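Reading through the structure tokens given below for one structure.
Nothing in this text is a laboratory measurement; each read-out follows from the coordinates by a stated rule. Just so it is clear, the structure is predicted and the values come from calculations on it, not from any experiment. Neighbour counts run over all protein chains shown; Cβ positions are idealised from the backbone, glycine included.
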Amino acid sequence: MTNKTTESDSKYNDLEKMEIKDLLSNINNEDKTVPQSIEKVIPQIESLVKVIVNKMKLGGRLFYMGAGTSGRLGVVDASECPPTFGVEHGLVIGLIAGGDSAMWKAVEFAEDSTTQGWEDLQKNNITDKDVVIGIAASGTTPYVIGALEMCNKNEIETGCIVCNSASSVAAVAKYPIEVIVGSEFITGSTRMKSGTAQKLVLNMISTSVMIKLGRVKGNKMIDMQLSNNKLVDRGIKMVMNQLNIDYETANELLLKYGSVRKAVDSIK
């Protein structure tokens, strides 16, 4: 039986009577506790990251799946991997219950299907080289549970990010991550601390995976997409520093080769 601390009553009351400054300060005080909760589960995050890195080195992909806020956070993290790390679209995939339209508007009862999650994975030609992470603050989302159960039956590695202990999702996932953040500032509003916790863990997973896959050199995003003037300027400065050359020469190399890595490798 899931211990739903995400649904427990807020320690604050009469919120509508609080001054704005007090509202902001109390929300901030609650948010400060989230990194401390994550620190307790770093070993579990590490275990999952190791699995993802190993699978991706064999040609596998990473899937995130969830409903509502949890699903949206997965889609956002997945969508940021190509521009940040220069990987192809489709290496990290975010799936949300209800499909793409659910990113903008809630789709009623989409998360309650126990079969749709697996169907969505099959549409993406899921294989045993891939890893699937279910994201569910409550840890009870049928869309996620059904998908993870089918993954296990098909020998596909599974993980999860949940914010309740002893949840149904965590019981199914081979590599569960349970970040227990406690009651929300507004009772049950898991878009707040729970969502923040999930976002931070997703950052940790995708960033550490991409570093171990060689997508960062030193501390620089050498494979980032040069999709705006700010990023082009950043890329030029990276090339300047790597090759000890002037701005104009670095600019010419970057324009010629189209990426920081290729520009640097052309000289080295």
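Shown is the FRET efficiency for residue 266 and residue 227, computed with R0 = 25 Å from the Cβ-Cβ distance and rounded to the nearest 0.05: 0.75. Ordering 143, 175 by the number of other Cβ atoms within 10 Å of each residue's own Cβ, fewest first, gives 175, 143. Its alpha carbons give region 116-187 an Rg and a Dmax of 12.6, 41 Å. The 3J(HN,Hα) values that the Karplus relation (6.51, -1.76, 1.60; θ = phi - 60°) gives for region 153-159 are, in residue order, 5, 9, 6, 9, 5, 10, x Hz. Gly and Pro appear as x. Please list, in order, the residues from region 46-84 whose amide nitrogen is less than 15 Å from a point placed 7 Å along the Cα→Cβ vector of residue 203. Output list for this probe position: 73-74, 76-78, 80-81. Rounded to the nearest 20, the Cβ-based charge dipole of the chain about its Cα centre (Lys and Arg +1, Asp and Glu -1) stands at 1000 debye. For the residues 113, 79, 227, a GNM of the chain with alpha-carbon springs under 10 Å puts the largest fluctuation on 227. Pairs spanning more than 25 Å between alpha-carbon atoms, out of 230/256; 129/212; 50/217; 153/199: 153/199. Since only 231, 255, 216 are under comparison, the one whose Cα sits farthest along the positive direction of the charge dipole of the chain, derived from C-beta charges on Lys, Arg, Asp and Glu, is 255. Size estimate for the chain follows the Kirkwood approach: the inverse of mean 1/r over distinct Cα pairs works out to 20.0 Å. For residue 193, a cut-off of 16 angstrom between C-alpha atoms picks up these lysines, skipping any fewer than 8 places away in its own chain: 4, 11, 32, 40. The mean sequence separation of alpha-carbon pairs under 8 Å and at least six residues apart, normalised by the residue count of region 62-121, gives a relative contact order of 36 percent. When only alpha carbons are used to place a centre, region 176-246 and region 88-142 end up 22 Å from one another.
Pairs of C-alpha atoms in region 64-199 farther apart than 18 Å represent 51 percent of all such pairs. Residue by residue, region 64-81 carries 3J(HN,Hα) couplings of 10, 8, x, 10, x, 4, 4, x, 5, 5, x, 4, 4, 4, 4, 5, 8, 5 Hz when phi is fed to the Karplus relation 6.51 cos²θ - 1.76 cosθ + 1.60 (θ = phi - 60°); x denotes Gly or Pro. Computed over the alpha-carbon atoms, region 1-96 gives an Rg to Rh ratio of 1.09, Rh here being the Kirkwood radius from the mean inverse distance. Comparing 95, 56, 33 along the charge dipole axis of region 1-107, the residue lying farthest to the positive side is 56, per the Cβ-charge model.
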